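A quick write-up on the structure given underneath.
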Amino acid sequence: MRLVACAALAAMCVSAAGQQHRPPAVPLITHDPFFSLWSMGDKLTDVPVKHWTEVAQPMVGLMRIDGKTYRWMGSMPRYFGMPAVEAMEQTSVELSPLHTKYHFRAAGMELVVTFFSPLLPKELDVMSRPVTYVSWSARSVDGKEHQADLLLDVDPLIAVDQPSQPVTWARTRAEGLTVLNVGTRDQQALHQSGDRVRIDWGYFHLAIPDAAKAATSMAKDGIPKFVASGDLPEADDSSMPLPARRGGAAHLSAKLSLGTVGSTPVERHVEVAYTQTYAIEYLGRKLRPYWQRNGMSEGTLLATAEKEYAQIEARGAKFDEETMAAMEKAGGADYKYLTSLLFRQTIAAHKLVADIDGTPMFFSKENDSNGCIDTVDVTYPSSPFFLLFNPKLLEAQLEPLMRYTALPRWRFPFAPHDLGTYPMANGQVYGGGEENEEDQMPVEESGNLIIMVAAMERSEGNWDFAKRFMPQLTQWAEYLQEKGMDPENQLSTDDFAGHLAHNTNLSIKAIEALGAFVEIARGVGDTKLADKYAAAVKTMPAQWEKMALDGDHYKLAFDQPGTWSQKYNLVWDDLLGLHLFPKRVMQTEWAFYSKHMEKYGLPLDDRKTITKLDWQVWTASLASTPEQYQDLIHRLVVWADETPSRVPTTDWYDTISGKRIGFQARSVVGGVFIKALMAKGISK
């Protein structure tokens, strides 16, 4: 029934794996927490283009066919005396890991609009470029020839946090490109941190290739002029600075003439980019984006991206094809769709910068949570994505964190939660910060880091990283041996659920981390240390099972009979080859889970009907049968199709209503790639 209903609304659905889907939000331009633009409606013309924070950063797309203007992107701003502009018919939209492709029709013509963000995980130079290619392919579908032009108009709101902020604009030249630029007057780099904030330093760039023979303007009235006559204003607005809000500063507009269009497609493309002087402050030093580590200028960035467009597009298309085939092989058609939906969101919640010696550092942001930077229990759920596609990117997340833990200022026997508030990574701010143990996550974060280091080093085939930080890893292993088997009252990664003592799933994490530490100790050549912890962890799973068993399932907390929870932390038992727990644990759990499914998935535990998207895929990957796995994954896809929360995909929602409870646009959705990682395995 779902597919039939969706097929009837083909214009608002995503075609993937032979099925029809409607994403919660569609990624358009996705690079980092500050340059992250989405369409949050059924059609690209239904709503303004928005930042992930749901604040409009409008981009309007128009097409003039035989003298009549149609709209293919954005809601139409109102201009005095300007008639309404009809939206083109959106016939489909396709999502792949790196591309979003819209199909439109109007007046006997078809227009295909593609947003390509080349986030190739193994090509750090390309991945770090804050450049998205917007391309068009137009053709006649009625057997006639048509005269056609395109307009792309960018609102200066794209360069500010608040509409009242004054901006300036300028036209520059890069090799082979005309570049329109806008940015704030004040340019106070790294002057603010927080959660739902937008960048207000650096510059947005609209770069148009000379080969497009485009007309450009920087004026407030580019849209009404194009609608009325098909032209752009002859003069740029020169009075500046002006507030970015409507009626103030100039828009950046490009008119691309397609000429006479027949059945042979006519193609054009532009670049949209956002550059900033400094991107992250780490322990007091300001760091530049990775692409700029050797002093590359903005003009060279744009010119290089243009010269390499054809080759990068070819590599991107190949990457999409191979990745989607691998995802379907690993987990089926529904799984293929989920991973395509969430690929760019995972990367775009990070910023890749270079330390002063060129070392890559990849900082996450806890979007729509508290804005923390490099949060350990955000890196942990997303780690399967990076272990699968490039473990060096996981190392780049752990590097700044582990350096921090080695400083005298971190004086606790357990691991930290975060490095600050994005983009300021100057030390932990969560809970008691560096001052006290209040609201810390001692077992959670210590276990997370040990597990991730073990998985990363196995993936990379060496133990060099672990060797550098053995004092810290050993201290955390000691802490887990003492405190992890039966955790005291404390927070875990699911901190929204509150403090919980005797948490059975947290206990599993501690046990798996101790098993992982045995692997680390052996890897670095410390056999005596490995043997010590191997003996210590050997008896823990049986003890856990005895304490947690509650008839036909295992408890949420050791002291709470009649409760239950997802035991997703068990995924590492097979992934790391630890084999500490007997198979009957998850077989028992899954027999129980199957009786407690809701329409949109499996609740996190018995306390409420809320759940987490990432943990459900981990739990699904531990299913006893393919049928159990497919049933839960399908429920997640149904939820993504039907959720009323039209925001970049949330990971925290209600399994009955499908509504978002909190969180959106977060990197933790990279956890859905756990099934593909299990299929590939982690090299030893």
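Here are the numbers for this structure:
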quantity: Qualifying positions in segment 575-603 - open to solvent by less than 10 Å² (accessible area, probe 1.4 Å) and touching a strand residue (DSSP E or B) at 6+ places or on another chain (Cβ under 9 Å); calculated: Val585, Glu589, Gly601, Leu602, Pro603
quantity: Any hit, segment 536-544, residues being surrounded by fewer than 18 Cβ atoms within 10 Å (Cβ to Cβ), assigned to a loop (DSSP other than H, G, I, E, B) and either modelled with pLDDT under 95 or touching an Asp or Glu at 6+ places or on another chain (Cβ under 6 Å) (or both); calculated: no
quantity: In segment 545-574, the residues that are open to solvent by less than 40 Å² (accessible area, probe 1.4 Å) and free of Cβ contacts under 8 Å to residues at least 60 places away in the same chain; calculated: Glu545, Ala548, Asp550, His553, Tyr554, Lys555, Leu556, Ala557, Thr563, Trp564
quantity: Residue in segment 192-204 that is among the polar types (S, T, N, Q), in a loop (DSSP other than H, G, I, E, B), free of Cβ contacts under 8 Å to residues at least 60 places away in the same chain and open to solvent by less than 60 Å² (accessible area, probe 1.4 Å) present; calculated: yes
quantity: Test: residue in segment 44-65 that is in a loop (DSSP other than H, G, I, E, B), modelled with pLDDT of 95 or more and farther than 20 Å from Leu157 by Cβ; calculated: no
quantity: Failed condition for Met296, given (1) hydrophobic (A, V, I, L, M, F, W, C); (2) in contact with a helix residue (DSSP H, G or I) (Cβ under 9 Å, 6 or more places away or on another chain); (3) open to solvent by less than 30 Å² (accessible area, probe 1.4 Å); calculated: (3)
quantity: Among the residues listed as Ser645, Ser657, the single one being open to solvent by 10 Å² or more (accessible area, probe 1.4 Å) and in contact with a Pro (Cβ under 7 Å, 6 or more places away or on another chain); calculated: Ser645
quantity: Among residues of segment 55-73, those that are crowded, with 18+ Cβ neighbours inside 10 Å and among the charged types (D, E, K, R), counted; calculated: 2
quantity: Per-region count, segment 476-493, residues among the basic types (Lys, Arg) and either in contact with a Phe, Trp or Tyr (Cβ under 7 Å, 6 or more places away or on another chain) or surrounded by 21 or more Cβ atoms within 10 Å (Cβ to Cβ) (or both); calculated: 0
quantity: Within segment 393-486, helices (runs of 4 or more DSSP H) holding 3 or more residues that are more than 25 Å from Ala349 (Cα to Cα); calculated: 464-468, 470-483
quantity: Residue match in segment 435-444 (condition: more than 26 Å from Leu287 (Cα to Cα), within 25 Å of the chain's Cα centre (by Cα) and of a type in the set (Asp, Glu)); calculated: yes
quantity: Subset of segment 586-621 (residues that are among the charged types (D, E, K, R) and under 24 Å from Gly551 (Cβ atoms)); calculated: Glu589, Lys595, Glu598, Asp605, Asp606, Arg607, Lys608
quantity: Members of segment 271-293 found to be of a type outside the set (Gly, Ala, Ser) and surrounded by fewer than 18 Cβ atoms within 10 Å (Cβ to Cβ), listed by number; calculated: Thr277, Tyr278, Leu283, Arg285, Lys286
quantity: Candidates Met76, Met82, Met109, filtered to the one that is of a type outside the set (Asp, Glu) and either closer than 21 Å to Ala273 by Cα or at pLDDT 95 or above (or both); calculated: Met109
quantity: Residue within segment 621-628 that is open to solvent by 10 Å² or more (accessible area, probe 1.4 Å) and β-branched (Val, Ile, Thr) present; calculated: yes
quantity: So Ser239, is it more than 30 Å from Pro423 (Cα to Cα) and touching a Leu at 6+ places or on another chain (Cβ under 9 Å); calculated: no
quantity: Count of segment 90-116 residues which are within 16 Å of the chain's Cα centre (by Cα) and under 16 Å from Lys318 (Cβ atoms); calculated: 5
quantity: Single condition Glu86 does not satisfy, out of (1) within 29 Å of Tyr337 (Cα to Cα); (2) free of Cβ contacts under 8 Å to residues at least 24 places away in the same chain; calculated: (1)
quantity: Selection from segment 351-379 of residues that are under 19 Å from Lys122 (Cβ atoms) and either over 16 Å from the mean Cα position of the chain (by Cα) or without any contact (Cβ under 8 Å) to a residue 24 or more places away in the chain (or both); calculated: Val353, Ala354, Gly358, Thr359, Pro360, Met361
quantity: Considering residues of segment 418-434 that are under 27 Å from His502 (Cβ atoms) and out of contact with any Leu (no Cβ under 8 Å at 6 or more places or on another chain) only, the residue most open to solvent (accessible area, probe 1.4 Å); calculated: Tyr430
quantity: Selection status of Ser340, among the hydroxyl-bearing types (Ser, Thr, Tyr), in a helix (DSSP H, G or I) and open to solvent by less than 10 Å² (accessible area, probe 1.4 Å); calculated: yes
quantity: Residue identified as buried (at least 22 other Cβ atoms within 10 Å of the Cβ), among the hydrophobic types (A, V, I, L, M, F, W, C) and more than 25 Å from Ser621 (Cβ to Cβ) among Leu401, Leu407; calculated: Leu401
quantity: Meets criteria (open to solvent by less than 10 Å² (accessible area, probe 1.4 Å) and more than 15 Å from the chain's Cα centre (by Cα)) for Trp52; calculated: no
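Residue-wise test of (1) within 28 Å of Thr132 (Cβ to Cβ); (2) touching a Cys at 6+ places or on another chain (Cβ under 7 Å); (3) touching a residue at least 60 places away in the same chain (Cβ under 8 Å); (4) of a type in the set (S, T, N, Q).
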| site | (1), (2), (3), (4) |
| --- | --- |
| Ala314 | yes, no, no, no |
| Ala349 | yes, no, yes, no |
| Ser382 | yes, no, yes, yes |
| Glu395 | yes, no, yes, no |
| Leu401 | no, no, no, no |
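Quick grid of which residues meet (1) more than 21 Å from Phe414 (Cα to Cα); (2) modelled with pLDDT under 95; (3) open to solvent by 10 Å² or more (accessible area, probe 1.4 Å):
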site	(1), (2), (3)
Phe362	yes, no, no
Lys365	yes, no, no
Ser369	yes, yes, yes
Val378	no, no, no
Pro381	no, no, no
Pro391	yes, no, yes
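The values are calculated or read from the model by the stated rules, or taken from the named source; none is laboratory data. Please read these numbers as outputs of a predicted model, since none were measured by experiment. Note that each Cβ is placed from the backbone with ideal geometry, even for glycine, and that neighbours are counted across all protein chains shown. Ligands, DNA and RNA are excluded from the accessible area calculation, which covers all protein heavy atoms including side chains. Shrake-Rupley method; radii C 1.70, N 1.55, O 1.52, S 1.80 Å.
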